[in-house]
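The values are calculated or read from the model by the stated rules, or taken from the named source; none is laboratory data. Note that the coordinates shown come from a computational prediction; the quantities given were computed from them, not determined experimentally. Positions of Cβ are generated from backbone atoms using ideal geometry, with glycine treated the same way; all protein chains shown enter the neighbour counts.
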Ligand code: SF4
Ligand code: SF4
């Protein structure tokens, strides 16, 4: 998922992992807090949260004091509230090159994603993995 911050990893920025898995990413409470602090409603609006009382709230309406009350956070269309079919933050730069539009503040699960780690997040269609001749790495 746009692993450009990890200099020793060979991400090709093909965007395939984001295209396939990006519609189901989930931010942590810390991710939500950071976006709230930065006023990033353009990001927050793409997530809805299930609260402990059974109600749903769009994350752009969540305040820091509400975070402990959120049970599940899901990516949803901010207008229709339907599930999305693709991550809205993926940006195409060229024919085969994509970047994350929120790279510096993307969700932890994207920032730590490593498709070359066998047994954890191994993704056999990853171009970087193919470049490594299919050799996976073991978890650290
Ligand atoms: S937030 Fe960024 S890294 Fe994560 S799936 Fe979307 S485009 Fe990819
Ligand atoms: S599939 Fe692999 S090469 Fe392509 S963006 Fe994801 S990590 Fe990078």
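Brief remarks on what is shown
- Scanning the range 97-116 for residues that are within 11 Å of ligand 2 (Cβ to nearest atom) and either more than 17 Å from residue 28 (Cβ to Cβ) or in contact with a strand residue (DSSP E or B) (Cβ under 6 Å, 6 or more places away or on another chain) (or both) gives 97, 98, 99, 114, 115, 116.
- Check on residue 17, in the same structural domain as residue 128 (by TED's automatic domain parsing), assigned to a loop (DSSP other than H, G, I, E, B) and closer than 23 Å to residue 113 by Cβ: no
- Contact annotation: residue pairs with Cβ atoms under 7 Å, 6 or more positions apart or on different chains, pairing a residue in the range 102-123 that is at positive phi with a partner that is assigned to a loop (DSSP other than H, G, I, E, B) and away from ligand 1 (no atom under 16 Å from the Cβ), are 119/139.
- Residue list for the range 75-96, restricted to those being under 14 Å from residue 27 (Cβ atoms) and out of contact with any helix residue (DSSP H, G or I) (no Cβ under 8 Å at 6 or more places or on another chain): 76, 88
- Screening 48, 60 for residues that are assigned to a helix (DSSP H, G or I), away from ligand 2 (no atom under 16 Å from the Cβ) and either in the same structural domain as residue 12 (by TED's automatic domain parsing) or in contact with a helix residue (DSSP H, G or I) (Cβ under 9 Å, 6 or more places away or on another chain) (or both) leaves exactly one candidate, 60.
- Test for residue 99: is it in contact (Cβ under 8 Å) with a residue 24 or more places away in the chain, within 12 Å of ligand 1 (Cβ to nearest atom), outside any loop (DSSP other than H, G, I, E, B) and surrounded by 14 or more Cβ atoms within 10 Å (Cβ to Cβ): yes
So that you can scan it fast, the table gives a plain yes or no per residue for (1) within 16 Å of ligand 2 (Cβ to nearest atom); (2) over 14 Å from the mean Cα position of the chain (by Cα); (3) more than 15 Å from residue 101 (Cβ to Cβ); (4) modelled with pLDDT of 95 or more:
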residue: 7; (1), (2), (3), (4): yes, yes, yes, no
residue: 12; (1), (2), (3), (4): yes, yes, yes, no
residue: 21; (1), (2), (3), (4): yes, no, yes, no
residue: 28; (1), (2), (3), (4): no, no, yes, yes
residue: 35; (1), (2), (3), (4): no, no, no, yes
residue: 39; (1), (2), (3), (4): no, yes, yes, yes
residue: 44; (1), (2), (3), (4): no, no, no, yes
residue: 53; (1), (2), (3), (4): no, yes, yes, yes
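- Restricting attention to the range 57-71 and to residues that are touching a strand residue (DSSP E or B) at 6+ places or on another chain (Cβ under 7 Å) and touching a residue at least 24 places away in the same chain (Cβ under 8 Å), the residue that is surrounded by the fewest Cβ atoms within 10 Å (Cβ to Cβ) turns out to be 70.
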